[in-house]
Amino acid sequence: MGLNDEVGRRVKRLRQDGGLSLSELSRRSGVGKGTLSELETGRRNPTLETLYALTTALGRPLSAVLDDPAPGVAAGGVSGSAVTAVLLERYEDEGAATDVFRVTIAEGATQESAAHVPHTTESLMVLSGTAVVGLPDAPQTAGPGGHAHWPADAPHFYSAPDGEVQGVLFVRYPKGGSSKDASWEGA
């Protein structure tokens, strides 16, 4: 089973587990119904932006639709308009789920990201290059060995104005009090 098939299968399962129709998930996420249908059947290559829109609408972390990495082995990556992300690790405790990604931000590119679920935060540790990231009204610059941290429950962005950036991104999704947030096991 390929990445598209697996991601599509997981999106469909989460949608059905949440009692949502294709139309309702399409409305909540802003992803076209035809696109969603093709994604669920493995006929469409998902972008990072599309997957974030869907998982946010489902109230789940991005890792809920990506392959769980085997110890020491990176899973397949997903790309957006400027960022390529490979899930390295998913950690979960009683309070939150944290996704750890190896990311590349393309030179001269900017990617805008919609708000994630409430109280989500992101932290980027830069390995090489210089990244400008965070909230549009409070951008942060981080170079090799540096880091940036911002609330991700508001629109935010990633850019690499002076050359490709390599880094490690931590996305922390706190669990809420609703029953659907009580456990993300098996996502």
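Points worth noting:
- Size descriptor, Kirkwood hydrodynamic radius, that averages inverse alpha-carbon separations across the stretch 37-153, Å: 15.2 Å
- Taken per residue, the accessible surface of the chain reaches 46 Å², heavy atoms only and a 1.4 Å probe.
- Shape category assigned to the stretch 19-67 from the gyration tensor of Cα positions, a/c cut at 1.5: oblate
- Carbon-plus-sulfur accessible fraction, the chain (probe radius 1.4 Å, protein heavy atoms only): 51%.
- Student exercise, the chain dipole from Lys, Arg, Asp, Glu Cβ charges, in Debye to nearest 20: 620 debye
- Each of Gly146, Ser128, Gly8 was placed along the dipole of the chain (beta-carbon charges, centred on the mean Cα), and the one lying farthest toward the positive end is Gly8.
The values are calculated or read from the model by the stated rules, or taken from the named source; none is laboratory data. Bear in mind that the values here come from a model prediction, so they are computed numbers and not experimental data. For neighbour counting, all protein chains shown are included, and Cβ atoms are generated from backbone atoms with ideal geometry for every residue, glycine included. The area values use the complete protein model at the heavy-atom level, side chains included, leaving out ligands, DNA and RNA. Shrake-Rupley method; radii C 1.70, N 1.55, O 1.52, S 1.80 Å.
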